[in-house]
Amino acid sequence: MTRNRNNLGRCFVILGGVGAIGRVVVRDLFESHARNHILVADFNEAAAREYARSFRSSRVTAAFADATKPRPLAKLLGGHAVVINCTQHDFNLNVMQAALAAKVHYLDLGGLFSWTRRQLKLNKKFRQARLTAIPGMGCSPGITNVLTRAAVEELERVDSVRIRVGAKDFNARPADFFFPYSAQTVVEELTLTPWVFQRGRFRKVKPRTGWERVRFPEPVGTQWVVRTRHSEVATIPLSFVHKGLTNCDFAVSFDRRFVREVVKRLQNGWTVREFARLPTPRAKPNDYEISRVIVTGHRKIITVDCHAKANRAWHASAGDVDTGCPPSIVAQMIATGTIAQRGVLPPEVAVPMKPFFRELRKRGIRIVMKANKP
């Protein structure tokens, strides 16, 4: 599908379009606007074509794509407005190079700190090409970055940003051990050394440390969270250093038994590939997720919560919904000129808050902000 550069309009490529998040991105783009055209691109071409056919619309097509080969990928991307990269983060730089060659705007779901920092180094090339790239535009990172900006703008000075994500699944717990999302991402989050920003410096802390109990609003309730490596910490301290920010960290809820089991199996020689082969629960999604940002300033604490629930019609969990809808929203903002900044920009810099939050509300994702004294 090749189009004149001046008539790209609402043409999007979803790379990894048949994955859990890719499917939500495709669905949201399809339902958002009758003029959106979507190419479902995936290494599993048969699955991509089957998913595209399920829409029964000429607006959704499919193609084979290999994220390890930037040159052929660039040919596929040509003639589109935006590529939304839903593959694993270790493909991010390859896809960005392909986007540059094809002169296509770029979004992804995050790079677990290290990949994100490498991606930011492409800022000059994207700016010179008059292209926009926004790494980490899912929920966390993504929504959490924009929540941080919303809170920071309420304060004259900022001391710390703490990001906490909690979820609760209301389905009966399966007997089999299973992963709530990408096995590779979960294993890396639990084993790679987390980065934090403390006293104005980036530093590493031991994996699986910093456990704390967080009282989220109902229906999530109180959950254990643990520090993991995440992309927010790579950009937020740089974006708000002018506000005096000196501390930033990230923690997400995991069942402690699950974490122990992952570590045990890794010690027994399991690989990510073996984890990925574990069965996925077939029950209809029935969960709720709250992504929280706590920003502490002088004499005031701003807490912003993002509430998301499962979408059974899409067979998508709360985490799928709040991760898959944001890149769809922001890609459309880029395609229509609502976002006109160029370069490699983190979400807290590039995304206009009010229009973004308004679009989230349309999808049943609520934002709640509260202010308290320390």
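Screening the stretch 261-295 for residues that are among the aliphatic types (A, V, I, L, M) and more than 18 Å from PHE178 (Cβ to Cβ) and picking the one that is surrounded by the most Cβ atoms within 10 Å (Cβ to Cβ) gives VAL295. If you take the residues in the stretch 52-72 that are assigned to a loop (DSSP other than H, G, I, E, B) and of a type in the set (Gly, Ala, Ser), which one is surrounded by the most Cβ atoms within 10 Å (Cβ to Cβ)? Here the residue is ALA65.
When you scan the stretch 1-34, how many residues do you find that are basic (Lys, Arg) and either closer than 16 Å to PRO327 by Cβ or at pLDDT 95 or above (or both)? So that I can check it myself, show each step before the final result.
Here is the first cut: in the stretch 1-34, the ones basic (Lys, Arg) are 3, 5, 10, 23, 27.
This time we only want the ones that are either closer than 16 Å to PRO327 by Cβ or at pLDDT 95 or above (or both), so: 10, 23, 27.
Looking only at that region, the number is 3.
Whether any residue in the stretch 155-164 is small (Gly, Ala, Ser), crowded, with 20+ Cβ neighbours inside 10 Å and not in a loop (DSSP other than H, G, I, E, B) is what I want to check. No, there is no match, as no residue in the stretch 155-164 is small (Gly, Ala, Ser), crowded, with 20+ Cβ neighbours inside 10 Å and not in a loop (DSSP other than H, G, I, E, B).
Restrict the check to the stretch 218-235 and report whether at least one residue is more than 26 Å from ARG117 (Cα to Cα), out of contact with any Cys (no Cβ under 6 Å at 6 or more places or on another chain) and hydrophobic (A, V, I, L, M, F, W, C). Walk me through how you get there before you give the answer.
Within the stretch 218-235, the first condition is being more than 26 Å from ARG117 (Cα to Cα), and the residues that meet it are 218-224.
Still in the running and out of contact with any Cys (no Cβ under 6 Å at 6 or more places or on another chain): 218-224.
Of the ones still in play, those that are also hydrophobic (A, V, I, L, M, F, W, C) are 220, 224.
So far as the stretch 218-235 goes, yes, one or more of its residues are more than 26 Å from ARG117 (Cα to Cα), out of contact with any Cys (no Cβ under 6 Å at 6 or more places or on another chain) and hydrophobic (A, V, I, L, M, F, W, C).
For the stretch 19-38, taking the residues that are surrounded by fewer than 24 Cβ atoms within 10 Å (Cβ to Cβ) and within 16 Å of the chain's Cα centre (by Cα), the one that is farthest from TYR181 (Cα to Cα) is identified as ARG23. So which residues in the stretch 227-248 are closer than 23 Å to LYS206 by Cβ, in contact with a helix residue (DSSP H, G or I) (Cβ under 7 Å, 6 or more places away or on another chain) and part of a loop (DSSP other than H, G, I, E, B)? Across the stretch 227-248, the qualifying residues are THR228, ARG229, SER231. Among the numbered conditions (1) under 29 Å from SER317 (Cα atoms); (2) modelled with pLDDT of 95 or more, the only one that PHE177 does not meet is (2).
For every residue, the table says whether it meets (1) under 21 Å from the mean Cα position of the chain (by Cα); (2) closer than 16 Å to LEU190 by Cβ.
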| residue | (1), (2) |
| --- | --- |
| ARG203 | no, no |
| TRP211 | no, yes |
| GLU218 | no, no |
| THR222 | no, no |
| VAL225 | yes, yes |
| ARG229 | yes, yes |
| THR235 | yes, no |
| PHE240 | yes, no |
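Of the helices (runs of 4 or more DSSP H) lying entirely inside the stretch 262-374, those carrying at least 2 residues that are without any contact (Cβ under 8 Å) to a residue 40 or more places away in the chain are 272-276, 353-362.
This table checks each residue for (1) closer than 15 Å to VAL262 by Cβ; (2) of a type outside the set (D, E, K, R); (3) touching a Gly at 6+ places or on another chain (Cβ under 6 Å).
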| position | (1), (2), (3) |
| --- | --- |
| SER182 | yes, yes, no |
| GLY210 | no, yes, no |
| PHE216 | no, yes, yes |
| GLY221 | no, yes, no |
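Close Cβ contacts (under 7 Å, 6 or more residues apart or on different chains) running from residues in the stretch 178-200 that are under 13 Å from VAL226 (Cβ atoms) to residues that are crowded, with 18+ Cβ neighbours inside 10 Å and of a type in the set (S, T, N, Q) comprise GLU189/THR228; LEU190/THR228; PRO194/THR228.
Taking the conditions (1) under 27 Å from GLU189 (Cβ atoms); (2) in contact with a strand residue (DSSP E or B) (Cβ under 8 Å, 6 or more places away or on another chain) in turn, PRO70 satisfies each one other than (2).
Of the residues making up the stretch 141-158, not a single one is farther than 30 Å from TYR288 by Cβ and in the same structural domain as GLY343 (by TED's automatic domain parsing). Only a single item in (1) hydrophobic (A, V, I, L, M, F, W, C); (2) in a loop (DSSP other than H, G, I, E, B); (3) under 15 Å from VAL293 (Cα atoms) is not met by VAL220, and it is number (3).
The values are calculated or read from the model by the stated rules, or taken from the named source; none is laboratory data. It should be emphasised that the depicted structure is a prediction, and the values quoted were computed from it without experimental measurement. FYI the Cβ positions are ideal-geometry reconstructions off the backbone, even for glycines, and counts take in every protein chain you see.
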